[in-house]
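Beneath this line is the structure, given in structure tokens, with notes to follow.
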Amino acid sequence: MAASQEPVIETRPLTTFAEFEEAVQLQKIIWGFEDIELLPRRLFVVANKVGGQTLGAFDGKKMVAFLIAIPGLKAGGKYYLHSHMLGTLAAYRDRGLGRSLKLLQRQEALSRGIPLIEWTFDPMELKNAFFNMERLGAVVRRYVPNQYGTTSSHLHGGLPTDRCVAEWYIDSPRVHAIVSKQPFNRPAYVEKICVPAGIADIRKNDPARAREVQDSLREQFQRHFRNGLEVSGFESTAKEGIYLLSELESK
């Protein structure tokens, strides 16, 4: 008997009201948000019409992951995309769906001449950090304390929603090399920031200790960024996740 194969997951733009509503429902399942904190269907409609992105991953007719991005404008008239939310159902994680959606996002942005995509992530979510730096090639230059305020999500553990800002220069040599899994010249790392590998359990079982870790990270990130450094790499060991910092490079 032939070995069973996992079903092919299709990634494609979301375009219908029904698909937008399904993405709203996934937010409840993935993050456990209360209704007041959900991104509503009308935001997906607007993002789809004004130059943003609404993308989904489907197992047959079932949506199992989604991404939404909105257009942004920086000083000097430079356009970029703010990738506001990406979520995957628990049963479909660790199967490359996040990367597939990000690569589709990159392809679509490049087709419009958009050079930069940004998003925020929790620096204590170590798998996300590794993914952002080592699988996509993003860099981090900014740290925002309590970006979204305290939320109802069990994933946030009642802590302030401190966030790093990932900057993804999607047409840079670094990103081209990383997404195509080619070797590249890494910068010289001059500092590092370490996070306990067990931070997820600490956040769940020892909120006071988790707050101490968060406060320490906040101080370190902000100090290093003031001193002209950026996060450009990430390593994982059995004991800790390690943010690797190098001298700030122009983009």
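Can you find a residue in segment 212-219 that is touching a residue at least 12 places away in the same chain (Cβ under 8 Å) and touching a Gly at 6+ places or on another chain (Cβ under 6 Å)?
No, segment 212-219 contains no residue that is touching a residue at least 12 places away in the same chain (Cβ under 8 Å) and touching a Gly at 6+ places or on another chain (Cβ under 6 Å).
Restricting attention to segment 206-243, which residues are within 16 Å of Asp122 (Cα to Cα), assigned to a strand (DSSP E or B) and of a type in the set (A, V, I, L, M, F, W, C)?
Selection gives Val231, Phe234, Ile242.
In this structure, does Ala109 turn out to be touching a Phe, Trp or Tyr at 6+ places or on another chain (Cβ under 6 Å) and at pLDDT 95 or above?
Taking the combined requirement at face value, the residue does not satisfy it.
Quick one: how many residues across segment 71-106 are of a type in the set (D, E, K, R) and modelled with pLDDT under 95?
Filtering segment 71-106 down to residues of a type in the set (D, E, K, R) leaves 74, 78, 93-95, 99, 102, 106.
Within this subset, residues satisfying the condition of being modelled with pLDDT under 95 are 74, 78, 93-95.
Residues meeting the conditions: 5.
Residues checked against (1) within 30 Å of Gly113 (Cα to Cα); (2) in contact with a strand residue (DSSP E or B) (Cβ under 9 Å, 6 or more places away or on another chain); (3) loosely packed, with under 13 Cβ neighbours inside 10 Å; (4) of a type outside the set (Phe, Trp, Tyr):
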position	(1), (2), (3), (4)
Gln147	yes, yes, no, yes
Ala177	yes, no, no, yes
Pro183	yes, no, yes, yes
Gln220	no, yes, no, yes
Phe225	yes, yes, no, no
Leu229	yes, yes, no, yes
Phe234	yes, yes, no, no
Glu247	yes, yes, no, yes
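I'd like to know if segment 86-93 contains one or more residues that are within 27 Å of Gly149 (Cβ to Cβ), among the small types (Gly, Ala, Ser) and free of Cβ contacts under 8 Å to residues at least 40 places away in the same chain.
No, there is no match, as no residue in segment 86-93 is within 27 Å of Gly149 (Cβ to Cβ), among the small types (Gly, Ala, Ser) and free of Cβ contacts under 8 Å to residues at least 40 places away in the same chain.
The values are calculated or read from the model by the stated rules, or taken from the named source; none is laboratory data. Remember, it's a predicted structure, so these values are computed and weren't measured experimentally. Methodologically, a virtual Cβ is constructed for each residue, glycine included, from the backbone with ideal geometry; neighbour enumeration extends over all protein chains shown.
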